[in-house]
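Encoded as structure tokens, the structure appears first; notes follow it.
Each reported figure results from applying straightforward, stated rules to the coordinates on display, with no laboratory input. It should be emphasised that the depicted structure is a prediction, and the values quoted were computed from it without experimental measurement. When we count neighbours, we look across all protein chains shown, and the Cβ atoms used for this are built from the backbone with ideal geometry, even at glycine.
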Amino acid sequence: MRHRNTVEFEVFGDYALFSDPIMRVGGEKCTLQIPTYEALKGILSSVYWKPSIIWIIDAVRVMNPIQTEVKGIRPIKYHGGNELSYYTYLKDCRYQVRAHFVWNHNRPELEGDHIEHKHHNIAKRMIERGGRRDIFLGTRECQGYVVPCVFGEGAGYYDDNKELAFGLMYHGITYADEAYSEETKDKLSVRFWYPVMRNGIIEFAPPQECPIVRTVRDMEMKPFGVEYGNYQGLIEFGGEGS
């Protein structure tokens, strides 16, 4: 489904490591077979982000075959020692992504920034320029690149695969400032779901429709404002206290 503020882009890189944060504890790291909702949201946030909007990832199209490569890595040891760990990466990655944004109603102080065409046009320009910040495919060592595309155009490796299920998988994290229900308010929560790829495309469930949500801990929202010295852009809204 396309929305009025939909953006579409292709992200690619030599390697990727998408994983549940729990799987990153310890020396060994192993990627999931497909990018997570949270990883793609992080990529788009590196392209363009403002606290007044929340990016919603609608779908991802897997363009290249899913293949992995194991590498021997020597992690940084801050207390001495020299260990060899094995990381399992995805190799030769290329994905088409479709997304849109909604307003962050948890931040009424930013309602003056609810200018849809402004954010939409800036986001599209930033995609054309490759993003505002560096792009990573899951982890810092996996450099990625972003270019505009038309979602669905071009040949994909899995276009003729009718259905492929991946079982229970990590979806993403809900932070306090993006809470969508009373259960997630003032909480840090983690979401899980059951992704299915149909003809190479995975339609993501929105955060509020994930079947499994677990609270990690209580969490307070970070305040924004000139008085906090962390969001001078509020001045342009001309609101009280800006």
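The table for this structure:
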quantity: Projected area, mean over directions - segment 175-222, Cα convex hull, nm²; calculated: 3.7 nm²
quantity: With at most 10 other Cβ atoms within 10 Å, longest stretch of the chain clear of loop GluC sites (Glu not before Pro) (DSSP); calculated: 1-82
quantity: Fluctuation leader among GLY72, GLY144, GLY13 - the chain, Gaussian network, Cα springs under 10 angstrom; calculated: GLY72
quantity: Pairwise Cα inverse-distance average, inverted: Kirkwood Rh of segment 99-196 (Å); calculated: 17.3 Å
quantity: Between segment 1-67 and segment 109-164, the Cα center-to-center distance that results, in Å; calculated: 9 Å
quantity: Backbone HN-Hα couplings from phi across segment 180-190 [Karplus 6.51/-1.76/1.60, Hz, Gly and Pro as x]; calculated: 10, 7, 5, 5, 9, 5, 6, 9, 9, 10, 10
quantity: Crossing angle, helix 37-47 versus the chain [Cα axis fit, 0-90 degrees, rounded to tens]; calculated: 60 degrees
quantity: Potential extension, THR88-ASP177 segment - 0.36 nm per residue separation minus Cα distance; calculated: 28.7 nm
quantity: Low-density loop positions, chymotrypsin sites (Phe, Trp or Tyr not before Pro), segment 119-164 - DSSP coil, at most 15 other Cβ in 10 Å; calculated: TYR157
quantity: Magnitude of the charge dipole, the chain, Cβ model with Lys/Arg +1 and Asp/Glu -1, debye to 20; calculated: 540 debye
quantity: Cα gyration tensor, segment 31-157 - rounded (a/c under 1.5), prolate or oblate; calculated: oblate
quantity: Among PHE192, PHE224, PHE12, residue whose mean-square fluctuation peaks in a GNM of the chain (springs only between Cα atoms under 10 Å); calculated: PHE224
quantity: Fluctuation leader among VAL11, VAL60, VAL147 - the chain, Gaussian network, Cα springs under 10 angstrom; calculated: VAL147
quantity: Theoretical ellipticity at 222 nm over the chain - DSSP helices of four or more residues, -39500 (n - 2.57) apiece, nearest 500; calculated: -3000 deg cm²/dmol
